[in-house]
Structure formats: C-alpha cells, structure tokens
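Here the structure is laid out as structure tokens; the discussion comes afterwards.
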Amino acid sequence: MRVLLVEDDGVLAAAITKSLRAENFAVDISGNGEDGQHLGATERYDAVVLDLGLPKVDGVSILHNWRAEGRSLPVLILTARDSWTDKVEGFRAGADDYLTKPFKIEELIVRLRALVRRANGHAASKLSCGPLAFDTQTGVFEFEGLPLKLTALEWRVLSCLMYRKGRTVDRMDLMERVYDGEANVESNSVEVIIGRLRRKIGRAMIETERGLGYRLVEANA
C-alpha cells in the first residue's frame, strides 16, 4: 500500500514514515501544501495523511481541490486543531477520518488500514482467497493456517492483489503502489516479486493477464 504524507514538521514526518515503512507501507513525503496537492493529483495512492496547517496551501484547500476534481482517494486529517468547528470544516471539505495531535502511531496505522479496506469495498477486517487469509487490521497474512513470511515489497504486492481479488490489477498500478524511495526497483521488479509470491502460495493462485497485469484467484477456481 502506498501512502502520501503531507506534513511540514520534519521530525514528526520522519517518525511517521519510519513507523509506516516498518509496517510495510510505501510512503511519499511532502513538506508543503503546494507539492502535496500536486502529488495527490498526479500519483496513485491508497491513502493520504494530511496536516491542515501547511505552508503555501492549507490542508482544507487541498481537500476542496481534490474533491472538486473528482479524486476519491481516502484522506485522514492529522492536525493540532482539536475544536469541533475545525473537525466539521475538515469533514465538509471531504476528509474520511480525523486524528488530533498528539496521537499514538499505532492508532494512525489502524485507522489507515481501515480507510484502505473500506475504500476497496470491504466491510470485514479479515479477507480470504482460498487457503490465503489476510487480517487487514494487523497486516498479517496466513497461508493454510500458518503465518506467511513476506518481504515488504511482497507484502505490498500481495495486499494490493488481495484487496482486488478476482480482478486484474494492471502492472503499472502495482508498480506505482508498491515502490517508494526505499525500494531497489531494478532488483525487485514486479515480475520478480510475483515469481517469489507464486513459490510461496502456489503458481495457480496468481494468474497473468498478458499485456494487462495480474489477478489473485482461488487455486481451484
């Protein structure tokens, strides 16, 4: 899963990024509203963590602009403003969730996972596809009842396929949602990652749609 973090406090942004990457999220960071608005409008993200008090363009204006352009990406507002009026303004601008500083990183991660799950049309927190199970709240995959050991990039690819099980996910979409500045793209291409996943869960579970992308299916489907 790929997240955009728009936060002008460098120390806080670094701490959030470190924690999210430890939970296998790919993270892009912007320290001002102008760049953050551009990234949200031009890149593919599973969710956005957006501060309100930003230099150049404030968070509420960014949200208004994204929603006016028809962009439906899930947005969690992260701000020191804790009055009900500020919260109402954020939700009216199009926010999906709201977290007030100071906060627990663990709560931010849980809320982000819930946003991504709901944005992909899933009400239940636990998803399954044949012998493969995914707890979206803990981020744990199991295969045939046992924990599945995955690298960060493998986890990102498999979670993307799991959220869209039965549907073809195009290769470019996968690439844009799993890589960030921490990833060595050349040695971890999508094809290489898919190959590693097939060795772990069985080749039949990940179908290739030639010229389009990949699809997660039940092995006996």
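For the reader, a short list of remarks on this structure follows.
- Residue ID - farthest from ILE109 (Cα to Cα), chosen from residues in region 29-83 that are among the charged types (D, E, K, R) and touching a residue at least 40 places away in the same chain (Cβ under 8 Å): GLU43
- Some residue of region 96-116 being surrounded by 14 or more Cβ atoms within 10 Å (Cβ to Cβ), under 19 Å from GLY202 (Cβ atoms) and in contact with a helix residue (DSSP H, G or I) (Cβ under 8 Å, 6 or more places away or on another chain): no
Computed from the coordinates by the stated procedures, all read-outs in this text should not be read as laboratory data. Quick caveat, the model's predicted, so the values are computed rather than measured. Please note: Cβ atoms are built from the backbone with ideal geometry, for glycine as well, and neighbour counts cover all protein chains shown.
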